[in-house]
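Asks: To start, I am sharing the structure in question, which I have written as structure tokens.
Each value in this text was obtained by applying a stated rule to the coordinates, not by laboratory testing. From a predicted model like this one, the values you see are computed outputs, not experimental measurements. A quick note on method: Cβ atoms are made from the backbone with ideal geometry, for glycine too, and the neighbour counts reach across all protein chains shown.
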Amino acid sequence: MTANSSQDTLVEVKNIKKLFPVRRGLFTRSHAGRFVHAVDGVSVAIRKGEILSLVGESGCGKTTLARLILRLLAPTDGTIIFDGQNLFGTSGGEMRKLRLQMQAVFQDPYASLDPKKTILQVVSEPLVVNRLKNGVQERVRESLLAVGLSPPELYLSKFPYELSGGQRQRVAIARAIVINPRLIVADEPVSMLDVSIRAEILTLMLDLRQKFNLTYLFITHDLAVARYVSDRMAVMYLGKIVEIGPAEEICANPLHPYTKALLSALPSADPRARHKGVQVKGEVPNAIEIPAGCRFRPRCPHAFEKCMVEPELVRVGPDHYAACYLAEEI
Amino acid sequence: MTIMRLLPTGARVYDGRVILGGQDILNATEEQMRDIRWKQVSIIFQGALNSLNPVLTVREQIAEGILAHETVDKKTIDGRIDALFRYVGLDPARRMNYPHEFSGGMKQRIMIAMALACNPALVIADEPTTALDVVVQYQILDLIRNLREKLQISMILITHDLSVVAELSDKIAIMYAGKIVEYGDTFEIFERPKHPYTRALLKSIPKMQGAKTRLTYISGSVPDLTGPVPACRFYDRCQYAQKKCAEVEPKTEQVGTNQSVACHFWRDIEKQ
């Protein structure tokens with residue numbers, strides 16, 4: 001977090017906040033000061049060439065953070081620095097250049113591809129939008145080849161409905177890499193896919209990182225998937241990162257009570273390891289009335305007086321940070 | 001859906017029987033069927049978020065199922081709903097609320113309460129936790145496990161998530177393209193899978209424990225069932241496939257006391 005030199009950082013998120021006003025009625029514009037605190041003060045650095053996964057339950061702000069990094073949303077507060085340039089301070093041509101360096105892969109390959117476009121049109125779209133007219137066909141072909149859709153000629157004139165879910169997600173990835181981006185934000189790219197296809201897409205994404213020197217922000221709610229693909233893992237709860245560190249380390253030695261709960265709630269794929277989890281009470285509260293102090297306090301089995309003051313992320317091990325007063329004791 | 005006789009119009013059962021507690025329910029009249037549904041077999045549907053009626057209170061929706069089978073007065077119904085709510089860990093005082101006032105996990109609990117309303121002998125749970133987050137998923141799995149022990153009901157759990165299977169079931173039937181390719185005791189199947197499909201499936205899931213190994217996957221996709229399919233339906237994607245597999249459909253073979261498998265070559269594969 002703080003220890004990195006800016007040289008090996010690709011994206012630096014600085015205390016970013018995104019609040020969405022809650023309207024009181026269907027026709028009123030007044031929100032009476034009520035906001036959804038989707039992302040509530042997140043600082044994180046994505047290092048060049050790494051796969052950072054963002055895990056957490058639905059509604060914890062993973063996707064909002066991703067959309068902020070892609071500059072699809074404007075933040076309420078805070079900045080994001082992409083390779084030395086402030087994302088929210090640039091406009092027009094400069095921004096277009098920055099956009100060339102980031103691409104997204106979304107969750108649902110049935111919804112993210114335009115059904116009326118051929119695969120050639122779908123994959124070439126980033127080139128067309130960015131007015132890169134040279135050798136479009138060739139680049140699309142290379143891209144399809146890279147994601148394992150070969151021979152590419154077979155796919156160019158097909159429509160998305162002619163492809164299986166796994167193939168569609170490959171097309172979505174081909175579209176993302178066709179302009180040689182540096183960062184790919186993948187929002188739950190395998191959650192809609194069947195188990196056997198999941199492994200296929202994950203393996204592909206790992207191979208592509210090697211081949212094209214990519215950096216990934218990988219959003220998932222599935223901890224086993226996060227462990228498999230990522231170098232580092234950030235656990236989000238109610239708009240905040242509560243723990244971040246090397247993926248392997250977090251899975252083996254989680255320090256925040258929420259991470260522990262999340263890990264122990266995971267059904268293991270081994271019938272002999274049944275029944276061992278510690279149960280957390282209740283569900284994630286809504287992000288409108290954020291609990292005072294530590295956000296996890298109402299559900300935390302270890303909460304005590306001090307937790308009324310919100311804990312900051314502190315170093316708890318090599319490259320490992322957690323936002324809990326008891327991180328080292330529990 | 002065949003068991004519940006809820007197949008869409010146009011779909012027909014060509015052959016075979018479904019026997020529930022000694023009765024062939026495929027021959028039952030629609031009237032008899034209405035009696036069986038919910039009273040003997042009930043379903044917990046996948047999308048709890050979409051399978052409740054948004055304009056009725058949850059009390060009305062649960063009562064609907066009970067009233068279809070029994071003539072009971074309001075007080076008895078309320079008493080039963082209260083008991084059901086307590087069973088599934090909900091506050092009985094909330095029975096007059098509408099579905100949108102509950103969270104996803106609570107809606108799934110309501111679905112479970114509903115399925116149990118008439119004390120069925122068999123509950124079919126169709127992907128009961130797929131739409132839920134891990135922590136809530138854990139709570140629901142725990143609830144299902146406890147209720148099953150307490151109420152002694154049989155369950156068919158339909159899921160694509162092998163870890164949910166490992167967590168909950170006694171026996172597993174692995175289906176591929178409309179056929180059961182392997183069936184047996186959960187431990188047997190997880191520890192000694194026989195069918196190539198089961199073996200590949202188990203290798204394709206990322207694990208939380210142990211060393212990180214590269215995942216293997218099954219290339220290709222499930223055959224299109226509208227056209228002709230190879231004799232063994234897994235033929236195209238099977239790494240052990242031989243000529244025989246395209247020509248002769250493998251019979252289901254008994255392996256030991258608790259397991260059966262439909263593959264010509266499972267013995268050879270196991271030796272490798």
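Asks: Could you work out how far apart the two model spin labels at B:Asp73 and A:Glu153 are, taking each label as a point 7 Å from the Cα in the direction of the beta carbon, and quote it in nm?
Replies: Using points 7 Å along Cα→Cβ, the separation is 8.2 nm.
Asks: Name the cysteines of chain A that stand alone by the Cβ rule: no other cysteine Cβ under 4.7 angstrom.
Replies: Those would be A:Cys60, A:Cys251, A:Cys300, A:Cys324, since no other cysteine Cβ in chain A comes under 4.7 Å of theirs.
Asks: Could you state the per residue volume, in Å³, of the convex hull enclosing the Cα atoms of the protein assembly as shown?
Replies: Convex hull volume per residue, Cα atoms: 197 Å³.
Asks: At 222 nm, what helix-only mean residue ellipticity would chain B give, in deg cm²/dmol to the nearest 500, using -39500 (n - 2.57) for each DSSP H run of four or more?
Replies: Helix contribution divided over all residues of chain B: -10000 deg cm²/dmol.
Asks: Using DSSP, restrict attention to beta bridges with both residues in the protein assembly as shown and report what percent are antiparallel, rounded to the nearest 5.
Replies: Taking every DSSP beta bridge within the protein assembly as shown, about 60 percent pair in antiparallel fashion.
Asks: Another question, if that's okay. In percent, how large is the relative contact order of chain A, given Cα pairs closer than 8 Å and 6 or more residues apart?
Replies: 20
Asks: If I take R0 = 45 Å and measure r between the Cβ atoms of A:Glu328 and A:Glu289 in this structure, what FRET efficiency does the formula 1/(1 + (r/R0)^6) give, to the nearest 0.05?
Replies: Calculated value: 0.90.
Asks: OK, next. Could you tell me which of the pairs B:Lys194/B:Lys243; B:Lys243/B:Lys271; B:Lys75/B:Lys150; B:Lys39/B:Lys107; B:Lys150/B:Lys194 are separated by over 27 angstrom between their Cα atoms in the structure shown?
Replies: In this structure, B:Lys150/B:Lys194 lie more than 27 Å apart at Cα.
Asks: Taking R0 as 25 Å, what FRET efficiency do you get between A:Lys211 and A:Asp231 from their Cβ-Cβ distance, rounded to the nearest 0.05?
Replies: So the FRET efficiency works out to roughly 0.90.
Asks: Please list, by residue number, every one of the trypsin sites (Lys or Arg not before Pro) in the stretch B:181-232 that is coil in DSSP and has at most 13 other beta-carbon atoms within 10 Å.
Replies: Listed in order of number, the matching sites are B:Lys212, B:Arg214.
Asks: Then there is this: Which order do A:Thr259, A:Thr76, B:Thr186 fall in if you start with the one that has the fewest other Cβ atoms within 10 Å?
Replies: Starting with the residue having the fewest Cβ neighbours, the order is A:Thr76, B:Thr186, A:Thr259.
Asks: Can you tell me the length gained on complete extension of the stretch B:Gln209 to B:Glu149, counting 0.36 nm per residue apart and subtracting the Cα distance?
Replies: The span from B:Gln209 to B:Glu149 would gain 18.7 nm if fully extended.
Asks: Pairs A:Lys48/A:Lys211; A:Lys14/A:Lys62; A:Lys17/A:Lys48; A:Lys158/A:Lys211: which are spaced more than 21 Å apart, C-alpha to C-alpha?
Replies: Beyond 21 Å: A:Lys17/A:Lys48; A:Lys158/A:Lys211.
Asks: What per residue convex hull volume, in Å³, do the alpha-carbon atoms of the stretch B:173-271 yield?
Replies: Looking at the stretch B:173-271, the number lands at 112 Å³ per residue.
Asks: From the Cα gyration tensor of chain B, with a ≥ b ≥ c the square roots of its eigenvalues, which class applies: rounded if a/c is under 1.5, or else prolate if a/b is larger than b/c, or else oblate?
Replies: prolate
Asks: For chain A, just the Cα set please: Rg and Dmax, both in angstrom.
Replies: Cα-based Rg and Dmax for chain A come out at 20.8, 65 Å.
Asks: Just to verify a number: FRET efficiency for A:Asn86 and A:Lys117, C-beta to C-beta distance, R0 = 41 Å, to 0.05?
Replies: Efficiency, from the Cβ-Cβ distance: 0.75.
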